[in-house]
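The values are calculated or read from the model by the stated rules, or taken from the named source; none is laboratory data. Just so you know, these numbers come straight off a predicted model, no measurement behind them. Cβ sites come from the backbone with ideal geometry, for glycine too, and all protein chains shown count toward neighbours. Surface areas here come from the heavy atoms of the whole protein model, side chains and all, with no ligands, DNA or RNA. Shrake-Rupley method; radii C 1.70, N 1.55, O 1.52, S 1.80 Å.
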Amino acid sequence: MLKTVTRRLGALFFALALSACAASSTTSTRTRETRPTGEAMAVAANPHAVEAALEILREGGSAVDAAIAAELVLGLVEPQSSGIGGGGFLLFYDGQSERLTGYDGREWAPAAASPTQFLDARGRPMPFLDAQASGRAVGVPLLIPMLKLAHEDHGRLPWARLFEPAIRLAENGFEVSPRLSRLIAAAGDRGRLRADFVTRAYFFDREGAPLPVGAVLRNAAYATTLRAIAAQGPSAMTQGPIADSIVAAARRNPRGGSLTLQDLQTAQPRRVEPVCGAYRVYRACTMPAPSSGNATLAILGLYERARPNPGGAQNADDWAAFLWASRLAYADRDHYMADDQFVPTPTQELIAPDYLTSRAALIDLSRAPTQVSAGQPAGPELYERWGRDAGDDNGTTHISIIDAWGNAVAMTATVESAFGAQRMASGFLLNNQLTDFAFDPMLNGRPVANALAPLKRPRSSMSPMIVLDRDDELELVIGSPGGSSIIGYVARTTIGILDWNLSPQDAINLANITARNSPANAEPARLPPGIGEELTRRGWEFRDTSAIEDSGIHAIRVTPNGFVGGADPRREGIVGRIAPAVEARVAR
Ligand code: GLU
């Protein structure tokens, strides 16, 4: 579908380019260079980040360039969610070749990390808050190396240029948003963000009160760090003063970790083949292990089998099918998925058409399941369940971008929990990604697939997704934060857009309803009338999680009339659009 749009726009550029050239001939002291550009769109969790993306797109930057600029800003204005002290996954669609590439920037465990480091002296899992706000939870941050890799492949503007919006904002200051203020207060109340002297000085005033909405926050240390990375690239984070500060912060007591400079130099991001599944006429693609994003594809595949002719958002059978599909896919995901470099992981087997058909045979729309177990895909031996309910958290963000050439980026980035490890180094927060491992490496006498091991990557739920049409042209760019609920959020919204014909915004606004276990999490007030009652009548049990639902679903659909975006009202994101036009650039 995109090609049609691009072709149509091509004629428009030509006409506009001619008029712009004519205008330029009157300017004698400057050389005017016109560059035709098409429509572009960026959706991210904060208006400053969207502005940065648009600034870069207007200047002729690619979707990757814009994503980098936006993410560096998010690390400043939405530090609770993501940043250069964390990791992420980036999925790139090349509008020219129609090929997808995945970039894996998931954190690695340090070489001296121990499988039992989250157990107490008596061998029991330590309290989650202790593990989270600790140096032991810090994995090697790979966001910057991942972004650099993607930039080497698909960047158009110089690397250093992409740092300018964030440096500007860090030096001039930005107003603390309502969400940031609220989360600082919450993290302060739990005692951890205030416990570390650096985070206390940054996020609280002199009296120790959390920064209020509208307080102007500057971060000179972050600006200095960004200048160094802009000039030197990722090596600025693996040797020298920034690297030293990362290691020192991670090793600091209480609960210091084992991270070393050697770890920072060993861990590397990877280019990966995305995992794709058929969904009706589409091909939906996301990240492979250590992401468990294949569960998103499993939900779509199971839902399609249960609802060959979907009835829409008002139809209780459609919701029942989605809930069943979720239960079945989550059971498999919880059981099997982990770092595929360390354990056999049936990434493709779990979405194989025959396997999905056999799983879908369990679905009975007239009733809720009593118990759902993992299935038996082809392939590796069974591993024991992961065993920890990650719940939902605030420490992740999602960016969706399409550039003027029809390239797209779906990137989900994270520091894991809100404010990550709640320790700062050189102006940014360190991640607590290692708490995404199982705390106990054994369960019922059997090894746990997602147990911690040196150099291993913790399982993730992040599922940046790109959906292509039958001609491999771009249809949908989507993703969300939300811990393990990401899988349900992305699947439900995709169904809403592609099957229920909702606009991205309407689909995002619709109820989150995540059936990982029973009772399912739900936002009853956002459900169409009568649906909740009917599902309850069929035996589904719900927990009203409206007050804590924390999705940040950001989507762009390609339509014959242009790009249509949606930003999640549960967070602070917006949709930014550049209309098809010619921009005259002045070269001196
Ligand atoms: N660390 C989680 C993951 O990678 C994401 C946490 C969140 O979304 O808040 O799956």
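Residues that are within 14 Å of the chain's Cα centre (by Cα), near the ligand (Cβ under 10 Å from one of its atoms), at pLDDT 95 or above and under 30 Å from Gly566 (Cα atoms) do not occur anywhere in segment 379-393. Between Ala438, Ala449, Ala491, Ala453, the distinction of being crowded, with 21+ Cβ neighbours inside 10 Å, touching a residue at least 12 places away in the same chain (Cβ under 8 Å), of a type in the set (A, V, I, L, M) and out of contact with any helix residue (DSSP H, G or I) (no Cβ under 8 Å at 6 or more places or on another chain) belongs to Ala438 only. Give segment 555-577 a look and list any residue that's more than 16 Å from the ligand (Cβ to nearest atom), assigned to a loop (DSSP other than H, G, I, E, B) and closer than 27 Å to Gly406 by Cβ, or say none. Within segment 555-577, Pro560, Asn561, Ala567 meet the criteria. For segment 43-80, what are the residues that are over 22 Å from Arg182 (Cα atoms) and touching a Pro at 6+ places or on another chain (Cβ under 8 Å)? Those that are over 22 Å from Arg182 (Cα atoms) and touching a Pro at 6+ places or on another chain (Cβ under 8 Å): Glu51, Ala52, Glu55, Ile56, Ala69. Report, by residue number, each residue of segment 520-530 that is surrounded by 13 or more Cβ atoms within 10 Å (Cβ to Cβ) and in a loop (DSSP other than H, G, I, E, B). Within segment 520-530, Glu523, Leu527, Pro528 meet the criteria.
From the list Leu90, Leu57, Leu147, Leu100, the lone residue that is open to solvent by less than 20 Å² (accessible area, probe 1.4 Å), within 21 Å of Ser245 (Cβ to Cβ), aliphatic (A, V, I, L, M) and outside any loop (DSSP other than H, G, I, E, B) is Leu147.
Count of segment 127-159 residues, restricted to those that are in contact with a Lys or Arg (Cβ under 9 Å, 6 or more places away or on another chain) and of a type in the set (A, V, I, L, M), is 9. Being surrounded by fewer than 24 Cβ atoms within 10 Å (Cβ to Cβ) and over 20 Å from Asp568 (Cα atoms): is that true of Arg106 here? No; evaluated as a whole, the condition is false for this residue.
Would you confirm whether any residue within segment 159-171 is closer than 28 Å to Leu54 by Cβ, modelled with pLDDT of 95 or more, part of a loop (DSSP other than H, G, I, E, B) and not hydroxyl-bearing (Ser, Thr, Tyr)? No; the residues of segment 159-171 include none that is closer than 28 Å to Leu54 by Cβ, modelled with pLDDT of 95 or more, part of a loop (DSSP other than H, G, I, E, B) and not hydroxyl-bearing (Ser, Thr, Tyr).
Checking the structure you have, find out if any residue of segment 422-441 is away from the ligand (no atom under 15 Å from the Cβ), under 21 Å from the mean Cα position of the chain (by Cα) and over 30 Å from Gly95 (Cα atoms). Scanning segment 422-441 turns up at least one residue that is away from the ligand (no atom under 15 Å from the Cβ), under 21 Å from the mean Cα position of the chain (by Cα) and over 30 Å from Gly95 (Cα atoms). When Gly257 is tested against (1) surrounded by fewer than 24 Cβ atoms within 10 Å (Cβ to Cβ); (2) more than 19 Å from the chain's Cα centre (by Cα); (3) not in a helix (DSSP H, G or I), only condition (1) is not met. Out of curiosity, is Asn501 more than 16 Å from the ligand (Cβ to nearest atom) and either modelled with pLDDT of 95 or more or in contact with a Leu (Cβ under 8 Å, 6 or more places away or on another chain) (or both)? So Asn501 fits the description; yes.
If I filter segment 546-554 for residues that are more than 16 Å from the ligand (Cβ to nearest atom) and free of Cβ contacts under 8 Å to residues at least 40 places away in the same chain, do I get at least one hit? Yes, because at least one residue in segment 546-554 is more than 16 Å from the ligand (Cβ to nearest atom) and free of Cβ contacts under 8 Å to residues at least 40 places away in the same chain. The number of residues in segment 456-466 that are of a type in the set (A, V, I, L, M) and either surrounded by fewer than 24 Cβ atoms within 10 Å (Cβ to Cβ) or within 16 Å of the ligand (Cβ to nearest atom) (or both) comes to 2. Among residues of segment 114-129 that are at pLDDT below 90, those with a Cβ under 7 angstrom from a residue that is open to solvent by 70 Å² or more (accessible area, probe 1.4 Å), sequence gap 6+ or separate chain, pair up as Leu129/Arg190. Candidates Ala195, Ala131: the one that is more than 20 Å from Leu74 (Cα to Cα) and not in a helix (DSSP H, G or I) is Ala195.
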